[in-house]
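Encoded as structure tokens, the structure appears first; notes follow it.
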Amino acid sequence: MNLAALIKNKTLVRTAIVVLSFLILSLFKDSFVPLNLFTEKIFSKIKGEAAPDSNIVLIHISASDLENIGPWPIKRSYYALLINKLTIKEVKAIGLEVFLSAKFISQTVYDNLLTNEIIKSNRVTLSSVAGNIIQSDEYFLSDSLSYPSSKLLDEKIKTGHINYVEDPTIKVPLELKADGVTEKAFSYQLIENVGTRSYPKSIDVNFISSWKSLKNYSLLDFHDLIQSESDELNNLKDKVVIIGVSDPQITQGLSTNFDEDAPAFTLHAFALDNLIHQRYFRDDYKFASTIFFSFIFILVIWLQKKFNVKVTSLLSALFMLVILFAFTLHVFFYLRLDYWAIL
């Protein structure tokens, strides 16, 4: 068969186009990442928000709070009071996402008070901060690890790192090694009975809703509940409470499918939700999806020739079915696929 005959063979030409598209997708896959993420955003908008775990509660320090109680950083006696009251209400775990740096000399007078409350509570996880993070075959490695001041006063206090890797989605290393020490992620420390489940080395965080869908209080709103001895506080029993900052002047913001500018500390609440319900994203099948979608289209092209079906109608129907299949895998099974192989 000469070249002219090959070109006239529509089935072979269509097959060649699919194969060429597969090669382009494989060789230049990084170029298609924004398109894949855009597709996933559309999928998320179509499905809508999911209900986050009702046992996760946020207490956030807002801009309004700082206007009333003073400049940043706030006195650590506020954290000590929070931990004391939350412990009395029998919360299951308390995560203080605010990094308590030892460099603020003005705060040292409150460090012993806060440390004593943390020890008495016996359910507090403080945040640590790692330096540059690289991934080896088996581990995430960091060149440094900074501990909060209370950890320096009592090394038995539990800490978890608050770092994440953006490549381009937000991934949290569940464990990283620095200076011979293995540090678990902040959210990983907060989950109960971690030994009963198997998790990957890192999780690709699934922001299932707006952060405001989580039960949340500003610091002063929560203080008012304490002052009024509100019965609402009794609902905190067995909850996991994460304390962080929402003031955009103080904290970094994150853009998610449901928030333009979510406070950075909320990613740990979603990471915790993802760990509890195992609904973090997985990309193990991304390359396989490229092969699968390409194979399906090649198969249809050859079947169309055999059964003499109108190719436009067949491909249109197949396209809709594959889109529906990809949508289902993403929003219900949390798989990241190469959606642009479909096109």
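The values are calculated or read from the model by the stated rules, or taken from the named source; none is laboratory data. Quick caveat: nothing in here was measured; it's all calculated off a predicted structure. Virtual Cβ from ideal backbone geometry, glycine too; neighbours counted across all protein chains shown.
Computed values, structure above
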quantity: Which listed residue is closer than 26 Å to Ala262 by Cα and not β-branched (Val, Ile, Thr), from Asn216, Asn234; calculated: Asn216
quantity: Qualifying residue in region 272-281 (condition: over 26 Å from Leu66 (Cα atoms), among the β-branched types (Val, Ile, Thr) and at pLDDT below 90); calculated: no
quantity: Residues (surrounded by 14 or more Cβ atoms within 10 Å (Cβ to Cβ), in a loop (DSSP other than H, G, I, E, B) and modelled with pLDDT under 95) located in region 149-172; calculated: Thr169
quantity: Some residue of region 151-164 being touching a strand residue (DSSP E or B) at 6+ places or on another chain (Cβ under 8 Å), closer than 19 Å to Tyr334 by Cβ and not assigned by TED's automatic domain parsing to the domain that holds Ile42; calculated: yes
quantity: Residue check, Lys41 in the same structural domain as Phe287 (by TED's automatic domain parsing), modelled with pLDDT under 95, farther than 24 Å from Leu272 by Cβ and under 23 Å from the mean Cα position of the chain (by Cα); calculated: no
quantity: All positions within region 243-272 that are out of contact with any Leu (no Cβ under 7 Å at 6 or more places or on another chain), of a type outside the set (A, V, I, L, M), in a loop (DSSP other than H, G, I, E, B) and in contact (Cβ under 8 Å) with a residue 12 or more places away in the chain; calculated: Ser246, Pro248, Gln249, Thr251, Gln252, Thr256, Asn257, Phe258, Asp259, Asp261, Phe265
quantity: Residues that are closer than 20 Å to Leu126 by Cβ and at pLDDT 95 or above, drawn from region 183-216; calculated: Glu183, Lys184, Ala185, Phe186, Ser187, Tyr188, Gln189, Leu190
quantity: Flag if Asn68 is modelled with pLDDT of 85 or more and under 20 Å from the mean Cα position of the chain (by Cα); calculated: no
quantity: Failed item in (1) touching a Ser or Thr at 6+ places or on another chain (Cβ under 6 Å); (2) crowded, with 21+ Cβ neighbours inside 10 Å; (3) closer than 30 Å to Asp143 by Cβ, with Tyr188 passing the rest; calculated: (1)
quantity: Selection status of Asn116, touching a helix residue (DSSP H, G or I) at 6+ places or on another chain (Cβ under 6 Å) and assigned by TED's automatic domain parsing to the domain that holds Asp221; calculated: no
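Per-residue answers, yes or no, for (1) buried (at least 20 other Cβ atoms within 10 Å of the Cβ); (2) in a helix (DSSP H, G or I); (3) among the β-branched types (Val, Ile, Thr):
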site	(1), (2), (3)
Ser198	no, no, no
Phe207	yes, no, no
His223	no, yes, no
Val241	yes, no, yes
Asp284	no, no, no
